[in-house]
Amino acid sequence: MPLTGIEIFKSLPKTNCKECGVPTCLAFAMKLATGKAELSACPYVSEEAKEKLAEAAAPPIRPVTIGVGDRALKVGGETVMFRHDKRFENPPGFAILLSDTMDETEIDRRLERFKQLEYERVGLTLRPELVAVKSESGDASRFAGVADKVKQNSDGGIILMSDNPDVLAAGLKACADQKPLIYAVTKDNAEQVTDLAKEYSCPVAVKASNLEKLSQLTTELTEAGVKDIILDSGSRTVRQAFEDQVLIRSAALSKKFRPLGFPTIVFPCEMTSDPMKEAVIASIFVAKYGGVIVLSDFQGHSLFPLLVERMNIYTDPQRPLATTEGIYEINNPDENSPVLITSNFSLTYFIVSGEIETSKVPTYLLIKDTEGLSVMTAWAAGKFVADVIAPFVKKCSIKDRVKHHKLVIPGYAAAESGGLEEELPGWEILIGPREGSHIPAYLKMWKP
Ligand code: SF4
């Protein structure tokens, strides 16, 4: 049974020192009890209390890692139902499906796509993480051969999929050092697959036909000493799978129901044969609350929107993405090139820099730290006004790089032009476009 806030409070130091970021030990205990704080936030808990509070301090949804090294995927560890309460922690992984009945050419093509499909967006690299190898031939050596090929030709995590423990064992022999996800324990193979998970120390998925049976299986597994579990509720209709995701998370967070306190795996690839519908279904599980999302194939036009959606859902809604303050050189500028300035909201930066690149006009772009706020919001908050912009322009040494002293400010900050001319003697302040899309035309008319 999980501990109540009062029970946890009894084991805390009761000094109300506030170092955990909460005003009192009691308030911290209450947060701990609801999974909204971590015990490590209090530096003064005794070792004895730590042991006692271990269960209460454990995240209500266990974090599980698939794979090794830099590209290992960590899923689970979530503590909230809604991202406005607290950010979601660990984005779901996307897996491409390979069957051991596919011919070599098709397998090679898919592995190549898995490697090639990666994108830069707002300074981040977006890419999928997993390759799921499914046994459809029933041939253990064929399955092991494909698992080995994936290991040799990709740095992604691996999912080994079969109901047959012998086939899984062969796959594990080929790639156990990559810590693949074993899929799956069912009621019919529970003992053998549990033994494999223990022998190779790999995470294991558990599949059942409903949540009650799933809970029974996870209880058996945890009692047998297997902790790294991923849940498959067995549903293959969108509606039922969606309901299951919500129920699983809700049971783990609200009821502290440990048998369902694990990340999930979902199979949009088995819910439709239409690739575009499949992508739409996957997008539902990015938002609620897939841990691993298995797709029948990867195509750039459907994978990219999913990667962007995932990035957006798993950013902290209370902290806008920001770009580093500084001078950015675009299209090889020289001493006659225009100087534009804008805020460090990442989206603003990428739109403005993208438009400058498109214009092909060599340009200096000054990025002022506005704590990730867009131009208008930063201006309204006093973070993009004359007496903040001017010290930055002076300090950043842009005046040594250009012969002219003309500074183009965003149209939305036009009200600051007078103040800037006062604060930056010798500079001419020009009002640039309001919209990023008008920047190329503006720059083409530029004269130093
Ligand atoms: Fe209490 Fe520990 Fe928080 Fe200090 S850091 S207020 S001792 S819970």
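Figures for the structure shown
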item: Lone qualifier among L124, L97, L130 - being open to solvent by 10 Å² or more (accessible area, probe 1.4 Å), closer than 21 Å to V286 by Cβ, among the aliphatic types (A, V, I, L, M) and in contact with a strand residue (DSSP E or B) (Cβ under 9 Å, 6 or more places away or on another chain); result: L97
item: Matching helices (runs of 4 or more DSSP H) fully within region 176-275 where at least 3 residues are touching a residue at least 40 places away in the same chain (Cβ under 8 Å); result: 211-223, 238-253
item: Entirely in region 338-448, the strands (runs of 3 or more DSSP E) that have 2 or more residues that are surrounded by 15 or more Cβ atoms within 10 Å (Cβ to Cβ) and touching a residue at least 40 places away in the same chain (Cβ under 8 Å); result: 339-343, 363-368, 406-409
item: Breaking point among (1) closer than 27 Å to R310 by Cβ; (2) surrounded by 14 or more Cβ atoms within 10 Å (Cβ to Cβ); (3) more than 26 Å from the chain's Cα centre (by Cα), for D108; result: (2)
item: Whichever residue in region 339-351 is modelled with pLDDT of 95 or more and closer than 17 Å to S437 by Cβ and, among such residues, is nearest to the chain's Cα centre (by Cα); result: T342
item: Residue in region 253-265 that is within 25 Å of V131 (Cβ to Cβ), crowded, with 23+ Cβ neighbours inside 10 Å and of a type in the set (V, I, T) present; result: yes
item: Every pair of residues 6+ apart whose Cβ atoms lie under 7 Å, when the first sits in region 39-54 and is more than 18 Å from E19 (Cα to Cα) and of a type in the set (D, E) while the second is within 11 Å of the ligand (Cβ to nearest atom) and modelled with pLDDT of 90 or more; result: none
item: Residue list for region 308-320, filter: open to solvent by 60 Å² or more (accessible area, probe 1.4 Å) and part of a loop (DSSP other than H, G, I, E, B); result: P317, Q318, R319
item: Unmet criterion (only one of (1) touching an Asp or Glu at 6+ places or on another chain (Cβ under 9 Å); (2) within 29 Å of S209 (Cα to Cα)) for P180; result: (1)
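The values are calculated or read from the model by the stated rules, or taken from the named source; none is laboratory data. Since the structure is predicted, the reported quantities are computational estimates derived from the model, not experimental observations. Don't worry about glycine lacking a Cβ; one is built from the backbone with ideal geometry, like all the others, and counts go over all protein chains shown. Side chains are part of the model used for accessible areas, which takes the heavy atoms of the whole protein and leaves out ligands, DNA and RNA. Shrake-Rupley method; radii C 1.70, N 1.55, O 1.52, S 1.80 Å.
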